[in-house]
Amino acid sequence: MARHSVLGVVLAGALAVAGCGGAKVGDTSSGAAGDCGTFNLAINPWVGYEANAAVLAYVAEKDLKCKVTKKELKEEVAWQGFGTGEVDAVVENWGHDDLRKKYIDEQKTAVSAGSTGVQGQIGWYVPPWLAKEHPDILDWNNLNKYADRFKTSESGEKGQLLDGDPSFVTNDEALVKNLNLDYKVVYGGSETALIQAFRQAEKDKKWVIGYFYSPQWLLNEIKLEKVKLPAYTPGCDADAEKIACDYPDYDLDKIVSKKFADANGPAAQLVKNFKWTNEDQNTVAKYIAEDKMKPDDAAKKWVEANAGKVKAWLPKA
């Protein structure tokens, strides 16, 4: 996820230890495959991103005959790869003004490839049963009244605010501090941990409040209720340490290496043209996360049902 203050700063050394299953950054092999060559695609750690990447990889391989190399990387590690040629594209970016400044404005190794068409929103959520029984909990002004009910062994004497992967963009520690909330941010470690916590909370009527976002296929299954934070206004999040406002709405975009964009090969044109909807993404994400389909199979199913959309993404002859 992207946000303005990135917690869990990733060291450059992490470039050598890319995540499970994917290729390691450092592998710059570029065997030719037809007219497309190798397409180095970053895979960031949430299923919405994985849905974007699965469909793009499937189309790149099947229609453009690219050799697609997927690299499972945290967000900033992926951006570091633009300058070395190890990453060609990040296909869902959540704002990241910090990374834009560093890699687009200063290093000039990356450029935006336009909107994905997906509109993103981040916030604090509670399970439906809790919002129904205590509707005033949906106003941040009332959160301290309930802090004791959210205590866990990890949060000690404070209420627990559950976050996901520390590399996700989050303002939550600043929000807790600046809104004088009697809570402690506890990182569950992943998107999966958040989903499991909310599912369990709804099933067993447990007290859980946590970071979550849309689009996310889980929201079709459990109608999590969003807590109203102080309204976002332009610039209210300019100083990461002083943030005391809600998250902005995000027009999620694609970021590619400048070299990849300038070459304007078939894969670059595909990424630039790629655009779909929140519903499209949720459909493929559900295939992967809930129906346990392999990403390639999930992509194939969606592509075959949406040939017209895919045709519009392909390079023009």
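A short reminder: the numbers here are calculations on the coordinates, not readings from a lab. Because the structure is a prediction, the values reported are computed rather than measured. Ideal geometry is used to build each Cβ from the backbone, glycine not excepted, and the neighbour counts take in all protein chains shown.
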For the stretch 120-249, would you read off the P(r) tail past 22 Å as a percentage of all alpha carbon pairs? 30
Have a look at R199, R149, R100 and tell me which one the Gaussian network model of the chain (Cα, springs below 10 Å) gives the largest fluctuation. R149
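Take each of the peptides 169-182, 76-89, average the number of other beta-carbon atoms within 10 Å over its residues, and list them starting from the highest. Before the final figure, lay out the partial values.
Numbers: 169-182: 18.8, 76-89: 23.4.
For the peptides 169-182, 76-89, the packing ranking is 76-89, 169-182.
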Rg and Dmax of the stretch 169-317, Cα atoms, in Å? 19.4, 60
Inter-centroid distance (Cα atoms) of the stretch 177-210 relative to the stretch 234-249, Å: 21
Report the gain in length on full extension from K62 to E154: 0.36 nm times residue separation, minus Cα-Cα distance, nm rounded to one decimal. 28.4 nm
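Where in the stretch 228-317 are there GluC sites (Glu not before Pro) that are in a DSSP coil and have at most 14 other Cβ atoms within 10 angstrom of their Cβ?
On the way: sites: E241, E279, E290, E304; in loops: E290.
The qualifying sites are E290.
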Is any residue of the stretch 265-284 close enough, with backbone N under 20 Å, to a label point placed 7 angstrom from the Cα of K316 along the Cα-Cβ axis, and if so, which? 265-276
Compute a Gaussian network model of the chain, connecting alpha carbons closer than 10 Å, and tell me which residue from I122, I222, I288 fluctuates the most. I222
Which three semi-axes in whole Å describe the equivalent ellipsoid of the chain, each the square root of 5 times a Cα gyration tensor eigenvalue, listed largest first? 36, 21, 17
Springs between alpha-carbon atoms under 10 Å, Gaussian network over the chain: tell me which of K275, K203, K70 tops the mean-square fluctuations. K203
Per the helix-only model, the chain has a calculated mean residue ellipticity at 222 nm (DSSP H runs of ≥4, -39500 (n - 2.57) each, divided over all residues, rounded to the nearest 500) of -8500 deg cm²/dmol
